[in-house]
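See structure below.
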Amino acid sequence: MGKKIIVIGTLDTRGEEIGYLAEEIRKRGHDAKVMDVGVLGEVPFKPAIERDQVAQAAGTSIREIIELGHEGRAMSAMAAGVYRILKELHQRRQVDGVIAAGGSMSTSLALEAMQYLPLGLPKVLLSLWPAGLHGLNRISRNVLRTAAGVIAGAAEARVEEERERKKTVGVTSLGTSQQKFIVRLKPALEERGYDVAVFHTLGMGGQAFEQAIRDGLIDVSLDFSLVELMDHVVGGATTSGKIRLKAAAEKGI
């Protein structure tokens, strides 16, 4: 059964490439819906989700976004609309994967929108600007075909979690070399019928732990390694920002 994949890009500047990417995804048997996030020029084809819809989802209009007179602020406004549309589609089970392709501004927009989507939902970001891939040629076609294969494969591989599943215990650690408890704790929990997911608290690990809790992937939180919180207080290297120790309380687990 084909998957529902959203393809994001600025059709006024990357329409040829975005159209090719979407078509390559369709060749693999999936439903590729293009979302246009451009704001200025003409578009080469009508997308499934037009720029006006994106702007409206952000609580504004294309005219108002253009009148901002600043490319960065315009992309940030469109990113808010992209996120809200993707969130609604995800809640309605109308998205199995998301891919964005473009230059520096499109890359920033996609990163801003994608970071709020649930862990486990396939997300691919193809940044074209380092190689200067403008238009279709032998090199760009190969890159776009590869990207189509990546998001298609990821969407195909993802399986919805079964209703009757084991409860998952999330444990923070700094690895077995520094925190020996994990060596005994993990098998002891597994013997009692739990899945155990270990997060290494090196900055990104703590962010992923908090996000996994918010996304409902973790049922029980055993948050033992707080080095990221200490580094946030004293300006250390492995800070996760202000988010640590919040999600579990917010979710009531």
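The values are calculated or read from the model by the stated rules, or taken from the named source; none is laboratory data. It should be emphasised that the depicted structure is a prediction, and the values quoted were computed from it without experimental measurement. Cβ coordinates were reconstructed from backbone atoms using ideal geometry, including for glycine residues, and neighbour counts include every protein chain displayed. Note: areas computed on protein heavy atoms with side chains; ligands, DNA, RNA excluded. Shrake-Rupley method; radii C 1.70, N 1.55, O 1.52, S 1.80 Å.
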*Read phi for every residue in the range 48-59 and hand back ³J(HN,Hα) as whole Hz from Karplus 6.51 cos²θ - 1.76 cosθ + 1.60, θ = phi - 60°, with x for Gly and Pro.*
5, 10, 8, 4, 5, 5, 5, 4, 5, 5, 8, x
*Mean separation of Cα pairs under 8 Å and 6+ residues apart, divided by the residue count of the chain: what relative contact order is that in percent?*
15
*Show me 18-24, 239-245 ranked by packing, highest mean number of other Cβ atoms within 10 Å first.*
18-24, 239-245
_I need the phi-derived Karplus couplings for the range 191-206: 6.51 cos²θ - 1.76 cosθ + 1.60, θ = phi - 60°, integer Hz, Gly and Pro marked x._
4, 8, x, 9, 7, 10, 10, 9, 10, 8, 7, 10, x, 5, x, x
_Going Cα to Cα from K246, which aspartates and glutamates come in below 17 Å? Please leave out same-chain ones fewer than 8 positions away._
E210, D215, D219, D223, E228, D231
_Degrees between helix 11-27 axis and first principal axis of the chain (Cα, 0 to 90, nearest 10)_ = 70
*Measure nothing but the geometry: give the 0 to 90° angle between the long axis through the Cα atoms of 71-91 and the longest principal axis through the Cα atoms of the chain, rounded to 10°.*
70
*Based on Cα positions only, what radius of gyration and what Dmax would you give for the range 15-158, in angstroms?*
14.6, 43
*Compactness of the range 1-80 - radius of gyration and Dmax, Cα, Å*: 13.3, 44
*Give me the net charge of R145's neighbourhood, meaning all other residues with Cβ under 13 Å from the Cβ of R145; Lys, Arg count +1, Asp, Glu -1.*
+2
*Cross-link partners among lysines for K251, C-alpha distance below 26 Å, same-chain residues fewer than 8 apart left out?*
K87, K123, K166, K167, K186, K242
*Could you provide, to the nearest whole Å², the per residue accessible area of the range 1-143 with probe 1.4 Å?*
50
*Share of Cα-Cα pairs in the chain beyond 29 Å, in percent?*
42
*Specify the angular offset, from 0 to 90 degrees and rounded to the nearest 10, of the alpha carbon long axis of helix 138-157 from the longest principal axis of the alpha carbons in the chain.*
40
_What is the percent carbon and sulfur in the accessible area of the range 211-253, measuring with a 1.4 Å probe over the protein chains and ignoring ligands?_
61
*In whole angstrom, note down how far apart the Cα centers of the range 227-253 and the range 1-67 are.*
37
